[in-house]
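Please read the structure below before turning to the comments.
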Amino acid sequence: MSLPHISPSDAKILIDRGALLIDIRDIDEHARERIPAARNVPLSKLCDAAVGDGHTAVVFHCRSGTRTRMNAPLLAKAAEADAFILDGGIEAWKKAGLPVHQDRRQPLELMRQVQIAAGGLALLGAVLGFTVHPGFYALSGAVGAGLLTAGITGTCAMARILRLMPWNRVAA
């Protein structure tokens, strides 16, 4: 089932009239930047929750609109009111000049941390392999193998390690 898309300005009008805004992003993403009226119900927890009871409508959003679009059937099933997808997500909301709350004290989203760490290690292995010793190319290979394994299995060892770092305990 496909849910209708709604522009940020139309969503703002609906929210001002009593619609519920649901942010389906993970907790760490929501903690760092959010639309002030949004309630955070991560996609992974949405199958256990029914949302919108007592509201005229429910508007779902993510960062860019891709997650909401890809999970429209699940979102429609969870909504206990008329449901919409915020077209373009929080990024479109910001481009429309609508308010967001940012907390830069919160750590970067975990997946961004993984991308930075993996990219940095792969680049380091390539540079050291070229300038110091060819054995350092194995570092780039190990990072590539780790990313491949994460993609196949759906579990990321680097994300698990980064989640334990002290700076990530703030948002948890």
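The values are calculated or read from the model by the stated rules, or taken from the named source; none is laboratory data. Quantities reported herein were computed from a predicted structural model and do not represent experimental measurements. Heads up, the Cβs are rebuilt from the backbone with ideal geometry, glycines too, and the neighbour counts pull from every protein chain shown.
Couple of notes before you dig in:
- Residues in the range 57-74 that are part of a strand (DSSP E or B) and β-branched (Val, Ile, Thr) were compared, and the one that is surrounded by the most Cβ atoms within 10 Å (Cβ to Cβ) is Val59.
- Close pairs (6 angstrom Cβ cut-off, 6 or more residues apart or separate chains): more than 15 Å from Val100 (Cβ to Cβ) in the range 55-70, outside any strand (DSSP E or B) and of a type in the set (S, T, N, Q) anywhere: Phe60/Thr68
- Test: Pro4 is out of contact with any strand residue (DSSP E or B) (no Cβ under 6 Å at 6 or more places or on another chain), more than 18 Å from Met111 (Cα to Cα), touching a residue at least 12 places away in the same chain (Cβ under 8 Å) and not hydrophobic (A, V, I, L, M, F, W, C): no
- Pair list, Cβ < 9 Å and 6+ apart or interchain, from the range 92-106 residues that are over 13 Å from Arg32 (Cβ atoms) to residues that are among the polar types (S, T, N, Q) and part of a loop (DSSP other than H, G, I, E, B): Ala92/Ser7; Ala92/Ser64; Ala96/Ser7
- Filtering the range 93-120 to residues that are part of a helix (DSSP H, G or I), charged (D, E, K, R) and either modelled with pLDDT of 95 or more or surrounded by fewer than 13 Cβ atoms within 10 Å (Cβ to Cβ) (or both) leaves Lys94, Lys95.
- Residues that are of a type outside the set (D, E, K, R) and crowded, with 21+ Cβ neighbours inside 10 Å, drawn from the range 16-31: Ala19, Leu20, Leu21, Ile22, Ile24, His30
- Single match in Arg112, Arg104, Arg67, Arg63 (criterion: out of contact with any His (no Cβ under 6 Å at 6 or more places or on another chain) and within 30 Å of Phe136 (Cβ to Cβ)): Arg112
- Any hit, the range 24-47, residues being in contact with a Ser or Thr (Cβ under 9 Å, 6 or more places away or on another chain), at pLDDT 90 or above, assigned to a loop (DSSP other than H, G, I, E, B) and farther than 30 Å from Leu164 by Cβ: no
- Looking only at the range 9-19, residues that are at pLDDT 95 or above and either under 19 Å from Asp103 (Cα atoms) or in contact with a His (Cβ under 9 Å, 6 or more places away or on another chain) (or both) come to 1 in all.
- From the list Leu128, Leu139, Leu123, Leu148, the one residue that fits, being out of contact with any helix residue (DSSP H, G or I) (no Cβ under 9 Å at 6 or more places or on another chain), more than 15 Å from Asp28 (Cα to Cα) and in a helix (DSSP H, G or I), is Leu148.
- The one condition in (1) among the aliphatic types (A, V, I, L, M); (2) within 20 Å of the chain's Cα centre (by Cα); (3) surrounded by fewer than 18 Cβ atoms within 10 Å (Cβ to Cβ) that Ala38 fails to fulfil: (3)
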